[in-house]
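Engineer: Would you mind keeping the following structure in view while I ask a few things?
Nothing in this text is a laboratory measurement; each read-out follows from the coordinates by a stated rule. Keep in mind the model is a prediction, meaning the values are calculated, not measured. Glycine also receives a Cβ, built like all others from the backbone with ideal geometry; neighbour counts cover every protein chain displayed.
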Amino acid sequence: MKSVLALGLAVFAAGVLPAGGETNSIQLQTAAYVALVRADMARDEGSYTEARSLYQRALELYQTISEKDPAWHPDIVEFRKAYCRSQLEALRGRADKTLPKDPAAAAAVLERLAELEAEHTNLLTRVVLLEQALRDAHAERDRQQKACEAEINELKRTVQQQEEALTRSANEYRTLSNRLAAAIRELESARSSWESERSANQRLREELASVHAAREVERAAWEESLSKAETARDAAGRERDEALRKRDMALEDAARSRAEAERLQQHIGLLVRASSAAEDRHRAALAQWEQQLAELRGECDRLRAQLEELNKNRAENAVRQDPPAPSSDPHNASPSDPAGPGPDVVTTDQAGANP
């Protein structure tokens, strides 16, 4: 009966290992398992020589598996290699012994062995199918991750374009601010000239008490100078208003850019929540974009504060540029000019009240 059992195992092993030496990990593992079971049976029957040979054969097959495919269930392979070595060590030097043979028990063992081998083969097949499904799932995950990365890169480029547009708007705003500052300087220069002319006119008025004809000439010259100063002031005011209008347009563009950036940030957040696998990789990049968006908001707030400051300065300049009321000085009035100085004349005290 022992020869029949050995013959059955040999036929099963021959069916497992394909001809031509083309073996894979599953076939090698099946052959090693058959040799291991035969070795255990030979050991239990007292055939220690055959058991040692079969344990050595199983050990060699498991060693081949670990060399050709180290990733194929390394824990199982190492456990069975250790088991084969321990049995070889236990059977070293032991002589064979003869045990009574029970044909019925041997047949039952052979039938049970066939069942175990069939179950083992089915389990290995299921393992292969599960590994293939796992590889397919990993491939699908990689594909989705690449798609998410491509979309995130596109969003990055969009955000960069918005940042460039915002930078151009900021540069234009700085240019307009410089032009406004130049216009303000010109206005101050005109005001200084106007103040000089007013002082000269005051001195002329002191001389009008004795020389009325000369006062009229000087007064006409003074009025002409004042008209030129007012014309220059009006021109500067129009240029300043145009600069403020352009600055307001730049601020509106910046606000639209900020709204677009916030919308893109929300879109990025939705994409990141939809792809939990890519969230950990790109969290740092998203944090950096959020910081940049916060900086853009701070820049817009700073521009808004500057706008309020400019509006305040414009209001103050408008108050300062209003012409003061004429002065009535009875000492400087002449018989030919009973109403006193003209309505456009500004006294020294009033000039001190309007710096």
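Engineer: When 1/r is averaged over all different Cα pairs and the result inverted, which Kirkwood radius in Å belongs to segment 186-319?
Structural biologist: The Cα-based Kirkwood calculation yields 20.0 Å.
Engineer: So, one more: Rg and Dmax of segment 214-288 over Cα atoms: what are they, in angstrom?
Structural biologist: When restricted to Cα atoms, segment 214-288 yields Rg and Dmax of 28.9, 94 Å.
Engineer: Straight-line reach from Lys246: which aspartates and glutamates have Cα under 17 Å away, leaving out those fewer than 8 places along the same chain?
Structural biologist: Straight-distance partners of Lys246: Glu172, Glu308, Glu309.
Engineer: Which order, highest average first, do 300-309, 260-269 follow once you tally other Cβ atoms within 10 Å for each residue and take the mean per peptide?
Structural biologist: By packing density, highest mean first, the sequence is 260-269, 300-309.
Engineer: So what's segment 170-217 giving for Rg/Rh, alpha carbon basis, Kirkwood Rh from the mean inverse pair distance?
Structural biologist: Details: Rg = 19.1 Å, Rh = 13.3 Å.
Looking at segment 170-217, the ratio lands at 1.43.
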